[in-house]
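Read through the structure below, which is laid out as structure tokens, and then see the notes.
The values are calculated or read from the model by the stated rules, or taken from the named source; none is laboratory data. Keep in mind the model is a prediction, meaning the values are calculated, not measured. Positions of Cβ are backbone-derived with ideal geometry, glycine not excepted, and every protein chain shown enters the neighbour counts.
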Amino acid sequence: MNERARRERRIWRPEIGADIDEELAYHLEMRERDYRERGLSPADARDAARRRFGDPSTIRSAVRTIDERAARERRRAGMWTDFRQDILYACRGLRRTPGFTAIAVLTLALGIGANTAIFSVINTVLLGSLPFPDADRLVFIWNTSDGQPEPIGPGRLRDLQTQVTSFESFAGISHISFTLTGRGEAERIGGSSVSSGFFDTLGARPLVGEPFHKGVADPSAVVLSERLWVRRFGADPSIVGRTITLNGRPRQVVAVMPRRFIWPAITAQPSAADTGPELWVPGGPGDVPRPATNEDEDMTGHRNTGYLRSVARLKPGVTFAQARAEVASAGTRLSRSHPEDDGRGATLVGIRNQFAGAVERPLLVLAGAVAFVLAIACANVASLLLGRGAARRRDLALRRALGASRARIVRQLVTESIVLSVAGAAAGLLLAWWGSASLLSLTPPDMAGLTRSGIDARVLLFTLGIAVAVGLAFGLVPAIELSRDQLTDALAEGGSRSSGSRRTSRTRDGLVTLEIAVAVVLLVGSTLLVRSFTALTRVDTGIDTHNLLTFDITVTGDRAEYQSRQVQFYDSLIQRLEAVPGVRAVGAAVTLPIGGDDFGTGYLVEGRPVPKTALRAGYQIVMPGYFHAMGIPIRRGRDFRSSDDRKAPPIVLVNETLARAQWPGQDPVGRRVRFDDDGQWMTIVGVVGDIRHLGPSRPPRPELYQSVTQRSFPFIAFVVRTERDPYDVMPSIRRAVVSLDPDLPLSGVRTMDEHVARALSKPKFLSTLVASFGGLAVSLAIVGIYGMMAWSVTERRQEIAIRMALGASREKMLTMVLGRALFLAAIGISLGLAIAPLATRTLSGLLYGITPTDPVAFAATGVALGAVAALSALVPALRAARVQPAAVVKY
Amino acid sequence: MHDRTTVDLLQGTLAALILKSLSWGPLHGYGIARWIEQITEDELLVEEGSLYPALHRLQARGLVTSEWTLSETNRRVRCYTLTEHGRQQLRAELSRWERFSEVVTRALQSRRPKTA
């Protein structure tokens, strides 16, 4: 059968074809009769008529085409008319019951609004377009150590670059901060040193000027971000070619990158302290990105000094998986031929994962939470519709008896729900728009992508789609249920309960049970997150964080001059600060815990063979007096002293974790260790208490402390222990610093409590939001249970009255209603607790100090919801107990 | 057989004739064909291949409606009725036709213009 015939058969409507045949046959017969009457023989008449008529099949198909098109148009017009009628009818009906409409629209607005708000965030953060051509071909290269990604040393990175064939281009990146002087107040600015091919690899175009290119980069060039250009230079159009002073050295501005060039800090493990760079400078010797410690040092030979991040563009046709496999095998191969690579592996991370990987899971968890809220909202509205429908049952049955088809009535009822849900979606959009402000105020810094989120066409489409889906979801059940009635049933229902209303009641029971189950799942999840967050806030970080102020200082000017004077300078600053009234103690460290820098190192223990896998420890460089100021106890030995200078024998302090790991049960003081890339043995002079350097959620790790007096840095962070609110003392501190050096930028002023809060901002964000969605779910469930029980008591008034007239006590009625509510709640809670582990499994990486199946959280949720169910049913139950038999039975 | 003119002279002519034929009351398809043949004394030959599509098209445009009736021989017959819309259309067709034929007649009967 050819295609045309098939199509014709599909749309062929028997009655149209048959009608045409009959009409044409009649025509032929009449013509034949006429011919006979004119005297032709029957056979001749017939032939003549046939001849005259022509080919009947041609006529037939022409006419059928016309009729079918007309029928289609009629149907379409009819549907449109029906639809308009349904909408009008729905609006009229909803206006007649304003209370119901308001509750339903509000419920849906909460559900849909929450979904829209979260989707608008996902839309920008996870699905948004990246400001680079072919952005999804961009990948980031990391070392791996014990499966954890970490930065790479320049030598190893160069080898990877030459051995891996999957990359079209490639650029190294380091993060360094710069001190901008010479114009206004000195300021410390986060920046980045990059290989000359950086901008070429990304395919990024500047706003003005021309950035440096692969192989041609003036070492003194600098590229500014639009933000910095506007903030510091008033968007000066003649900026290109101007010279600015960074870290005491002149640099020429060659370009400004536009605001849409979104470039975050590239980190292996996202942390709250990261902010994206505001300027870019070319690499140092060998086109290697400059290290933070010494801008001019030739780093080309270093393999184990891991400070480089790297972005690469895949060659056309190479898949991500192929490239990752190639990088992994090259990484392993290199580690075999270079022992100093410490057996590390190498891996790739896609750009979306690198940029948004840290927030992806929290966002998906939130999306799940709001989906649950919406499910409850749907169940509630469906239940409300059923209750409302019971009142209209007779009306609907009558309409069916008068000829409306069941499908017609279902369509009308569903239209009504869609009108409701679209109204709810409109209100929800307003809520989402308004709520995104409070969402932003809670936003952790590394979720900064949220600030870009907004309501665009995709979000609107999503909301509309949800509205229609939701309208169908909560409208279809009641519609089918209500349209089932036959007229006789409904009319027979003269005030007593009919089979129809009993069926409705069963459906509502089911909906309420389901609603409770979903609320349980959501509440278990939020209980886990809140308990996890509470546990995090109670973690002992090992530091006394109260009344502790921190700020950063970068020494500018000629390095050679300062190097000798740095320690002296820090010393005198500490002395001046200690003299400020209200200051109890002052300390300084290159690497501040919780939100500050973090260094790591490999080390060796004297007298022991070199282990197969290198010993790793955190590496902290601090001034004497630091431990006292931080409230870190010295468990054994002594603190650093000013006399421990470069001329004195090298010494270190270790923390308890390191001491326990290397010398369990022994005193490590007097033993010697050395860095695995540095030949000098250093004597351990003391053991200090453990701290959680990387934040409350990360357990203490081994730490090596070296003194600034033996290893100085051009930047340092100060900690000031104050007697009262640190910010009260801040002006005096600032004056003390300026009195020593007016060009000294003092940046990153924060209390340690704020650092901790920042480190906890993501768990706080997530637990706050999920808990509020959980609260929303429970309130909706209360409304659902209450509405259902109240309706059921009204429905059963007569039955209750009769029972009471026959001697049942009020208490019996009370327990009957309460018992029913608790029975439904018990089913819902068991169902919810059974499903919950599946949902909470997704939280496993986001929880601290609690398992996703924590029995306490599960039990508490079950009990809480049982109590909620009982409370919600209390008012209807009391009403049942107050029924006056005489007043009711009389009807 | 003498020469006959088929009704495809002008588009719309057949439609106008059908509407006219129905202006006195409902007719079935064959009745319409016969009326046209009789009124034009068989000068115009209505081809069924044009008549029925035209009729159904008029129906789709809402100018005529049809319903099934029973003939005297107890057969189902589809009868067409002019709608109000169809009646208006007929009037419009008539006045347009009059104007048209007047113009064409005048043009065809005109004399050769004198040249200067």
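Examine region A:23-31 for a residue that is more than 8 Å from chain B (Cβ to nearest Cβ) and either farther than 25 Å from B:Arg57 by Cβ or at pLDDT below 85 (or both), and state whether such a residue exists. No, every residue in region A:23-31 fails to be more than 8 Å from chain B (Cβ to nearest Cβ) and either farther than 25 Å from B:Arg57 by Cβ or at pLDDT below 85 (or both). Taking region B:69-91 as the range and being surrounded by 12 or more Cβ atoms within 10 Å (Cβ to Cβ) and either β-branched (Val, Ile, Thr) or at pLDDT below 90 (or both) as the test, the residues that pass are B:Thr69, B:Ser71, B:Arg75, B:Arg76, B:Val77, B:Thr81, B:Thr83.
Within region B:72-85, restricting attention to residues that are in contact (Cβ under 8 Å) with a residue 40 or more places away in the chain and within 12 Å of chain A (Cβ to nearest Cβ), the residue that is nearest to the chain's Cα centre (by Cα) is B:Tyr80. The residues on offer are A:Phe140, A:Phe83, and the sole one that is at pLDDT below 90, away from chain B (no Cβ under 14 Å) and in contact with a helix residue (DSSP H, G or I) (Cβ under 8 Å, 6 or more places away or on another chain) is A:Phe83. Of all the listed residues (A:Arg74, A:Arg95), the sole one being within 12 Å of another protein chain (Cβ to nearest Cβ) and out of contact with any Leu (no Cβ under 6 Å at 6 or more places or on another chain) is A:Arg74.
Taking the condition crowded, with 20+ Cβ neighbours inside 10 Å, at negative phi, among the aliphatic types (A, V, I, L, M) and more than 22 Å from the chain's Cα centre (by Cα), does A:Leu396 pass? The answer is yes for A:Leu396.
Scanning for something modelled with pLDDT of 90 or more, outside the structural domain of A:Thr601 (by TED's automatic domain parsing), touching a His at 6+ places or on another chain (Cβ under 7 Å) and not charged (D, E, K, R), does region A:180-193 turn up at least one residue? There is at least one residue in region A:180-193 that is modelled with pLDDT of 90 or more, outside the structural domain of A:Thr601 (by TED's automatic domain parsing), touching a His at 6+ places or on another chain (Cβ under 7 Å) and not charged (D, E, K, R). Residues in region B:41-66 that are away from chain A (no Cβ under 11 Å) and either touching a Leu at 6+ places or on another chain (Cβ under 9 Å) or touching a residue at least 12 places away in the same chain (Cβ under 8 Å) (or both) were compared, and the one that is nearest to B:Leu90 (Cα to Cα) is B:Leu63.
For every residue, the table says whether it meets (1) at pLDDT below 90; (2) farther than 30 Å from A:Glu168 by Cα; (3) surrounded by fewer than 16 Cβ atoms within 10 Å (Cβ to Cβ); (4) touching a strand residue (DSSP E or B) at 6+ places or on another chain (Cβ under 8 Å).
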| site | (1), (2), (3), (4) |
| --- | --- |
| A:Arg51 | yes, yes, yes, no |
| A:Ala70 | yes, yes, no, no |
| A:Phe119 | yes, yes, no, no |
| A:Leu127 | yes, no, yes, no |
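Looking at region A:51-66, is at least one residue assigned to a helix (DSSP H, G or I), within 9 Å of chain B (Cβ to nearest Cβ) and under 53 Å from the mean Cα position of the chain (by Cα)? No, that holds for no residue. Among the residues of region A:628-657, those identified as in a loop (DSSP other than H, G, I, E, B) and surrounded by fewer than 18 Cβ atoms within 10 Å (Cβ to Cβ) are A:Pro633, A:Arg638, A:Arg641, A:Ser642, A:Ser643, A:Asp645, A:Arg646, A:Lys647, A:Ala648, A:Pro649, A:Pro650. Within region A:677-705, the residues that satisfy the criterion of being surrounded by fewer than 19 Cβ atoms within 10 Å (Cβ to Cβ) and either within 14 Å of A:Ile621 (Cα to Cα) or touching a Pro at 6+ places or on another chain (Cβ under 7 Å) (or both) are A:Gln680, A:Thr683, A:Gly689. In the set (1) part of a loop (DSSP other than H, G, I, E, B); (2) closer than 19 Å to A:Asp552 by Cα, the condition left unmet by A:Pro206 is number (2). Can you find a residue that is of a type in the set (Asp, Glu), more than 11 Å from chain A (Cβ to nearest Cβ) and free of Cβ contacts under 8 Å to residues at least 12 places away in the same chain anywhere in region B:93-100? Checked region B:93-100: at least one residue is of a type in the set (Asp, Glu), more than 11 Å from chain A (Cβ to nearest Cβ) and free of Cβ contacts under 8 Å to residues at least 12 places away in the same chain. I'd like the full set of residues that are closer than 17 Å to A:Ala358 by Cα and assigned to a loop (DSSP other than H, G, I, E, B), limited to region A:99-129. Residues satisfying the conditions are A:Leu126, A:Leu127, A:Gly128. Evaluated against (1) crowded, with 17+ Cβ neighbours inside 10 Å; (2) closer than 30 Å to A:Ser195 by Cβ, A:Val105 falls short on exactly one condition, (2).
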